[in-house]
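This report refers to the structure that appears directly beneath it.
The values are calculated or read from the model by the stated rules, or taken from the named source; none is laboratory data. Predicted, not measured: the structure shown is a model, and the values here were computed from it. Here the Cβ is made from the backbone with ideal geometry for all residues, glycine too, and neighbour counts use every protein chain on show.
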Amino acid sequence: MKTVNSLSGGKTSSYIAANYPADYNVFSLVRTSDKKCMFPDAKIRQQVSDRLGTEFIGTLEDDTIIYTMLDLEQFIGSKIDWVTGKTFDEVIDKGGGTLPDPMRRYCTTEMKMKPMFEWWRNNINIPCEFRLGFRANETRRAKRTLGKVNSNGFLEMKAIVGKRGTRNKWEEIEWQKPTFPLIKDNIYKDQIEIFWKDKTVRFAWMNNCVGCFHKNPLLIRKMWDKHPNKIQWFSEQERIKHKKDVWYKDKNLSFNDIKNWKTQTELFDDDFNECDSGYCGL
């Protein structure tokens, strides 16, 4: 069975790429068409566009993630396939005009799962092993993922397989068998941190979308300082799509409200691994 390392740009999934060689390494990039969030280096912007086969203007994650994947490819000495789907702007419009939230996690499906599925369909097209970056203390997340597999042990994706008259014919397609090498080998976060400490791969402080609904308000406030243009994008989407200021997690709190908070001098380490597993948490 072919093996695939599913990469997010974080230290955990990158650790898998570095220590568990696979037939394929694949990274799904979240894009935006907003030029206020444009990636600053024009040459690298073009390089990323060439890899994706579509225009790359910018990402709503930390820009460092681009350097992470370029560095990581050099470090492991193996090709990383870059994939992408619709821009976040297009996804929101398709998703009913509202930002994703815990009840409507269409961002994961549209910008992570579907692009990887289409890549798999074009390059492999038989069920294969997908290695996900769940660490040794995340057995419950692994069990949730395994709870979604079919009787053959594979995750399925509903996709068009042809036509029935003038209408599309849809089927559930077996495509990946999720595995968790870090759980199997009892690998924890501290071991991963030690591994990357003296390496040349650059990592973002946090590698998920800067305005992700999983973040607590203190982290959103931090994002206003670190990534003002990107978090402003989320704030504008909130106002335009919702017609008023309402934060995605609390109807009485908006992105703009959080902006006006005093900056915290110290933040706890929010062990945000939802996007560090290769997806935004299956």
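Quick check on the stretch 10-40: of everything there that is in contact (Cβ under 8 Å) with a residue 40 or more places away in the chain, touching an Asp or Glu at 6+ places or on another chain (Cβ under 7 Å) and in a loop (DSSP other than H, G, I, E, B), which residue is nearest to MET206 (Cα to Cα)?
So the residue we want is GLY10.
Within the stretch 93-123, track down each residue that is out of contact with any Lys or Arg (no Cβ under 6 Å at 6 or more places or on another chain), of a type outside the set (Lys, Arg) and within 14 Å of PHE213 (Cα to Cα).
LEU99, PRO100, ASP101, PRO102, MET103, TYR106, CYS107, THR108
Here is a yes/no grid of residues against (1) farther than 20 Å from LYS79 by Cα; (2) loosely packed, with under 12 Cβ neighbours inside 10 Å:
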{"position": "LYS112", "(1), (2)": "no, no"}
{"position": "ASN122", "(1), (2)": "no, yes"}
{"position": "ASN125", "(1), (2)": "no, yes"}
{"position": "GLU129", "(1), (2)": "no, no"}
{"position": "ALA136", "(1), (2)": "yes, no"}
{"position": "ARG144", "(1), (2)": "yes, no"}
{"position": "GLY147", "(1), (2)": "yes, yes"}
{"position": "GLY162", "(1), (2)": "yes, yes"}
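Yes or no, residue by residue, for (1) charged (D, E, K, R); (2) without any contact (Cβ under 8 Å) to a residue 40 or more places away in the chain; (3) touching a helix residue (DSSP H, G or I) at 6+ places or on another chain (Cβ under 8 Å):
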| site | (1), (2), (3) |
| --- | --- |
| LYS197 | yes, yes, no |
| HIS214 | no, no, no |
| HIS227 | no, no, no |
| GLU238 | yes, no, yes |
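For ASP276, are the conditions met, namely being buried (at least 21 other Cβ atoms within 10 Å of the Cβ), in contact with a helix residue (DSSP H, G or I) (Cβ under 6 Å, 6 or more places away or on another chain), modelled with pLDDT under 85 and part of a loop (DSSP other than H, G, I, E, B)?
Working: buried (at least 21 other Cβ atoms within 10 Å of the Cβ): yes; in contact with a helix residue (DSSP H, G or I) (Cβ under 6 Å, 6 or more places away or on another chain): yes; modelled with pLDDT under 85: yes; part of a loop (DSSP other than H, G, I, E, B): yes.
Yes.
Just for the stretch 151-167: of the residues that are within 29 Å of the chain's Cα centre (by Cα) and outside any loop (DSSP other than H, G, I, E, B), which one is nearest to PHE130 (Cα to Cα)? Spell out the reasoning first.
First pass over the stretch 151-167, keeping only residues within 29 Å of the chain's Cα centre (by Cα): 151-161.
Checking which are outside any loop (DSSP other than H, G, I, E, B) leaves us with 155-161.
Numbers: LEU155: 10, GLU156: 13, MET157: 14, LYS158: 18, ALA159: 19, ILE160: 22, VAL161: 22 Å.
It comes out as LEU155.
Hey, TRP175 hits all of (1) out of contact with any Asp or Glu (no Cβ under 9 Å at 6 or more places or on another chain); (2) closer than 26 Å to LEU52 by Cβ; (3) aromatic (Phe, Trp, Tyr); (4) part of a strand (DSSP E or B) but one; which does it fall short on?
Every listed condition holds for TRP175 apart from (1).
Which one is surrounded by the fewest Cβ atoms within 10 Å (Cβ to Cβ), of the residues in the stretch 57-95 that are assigned to a strand (DSSP E or B) and of a type outside the set (Gly, Ala, Ser)?
ASP81
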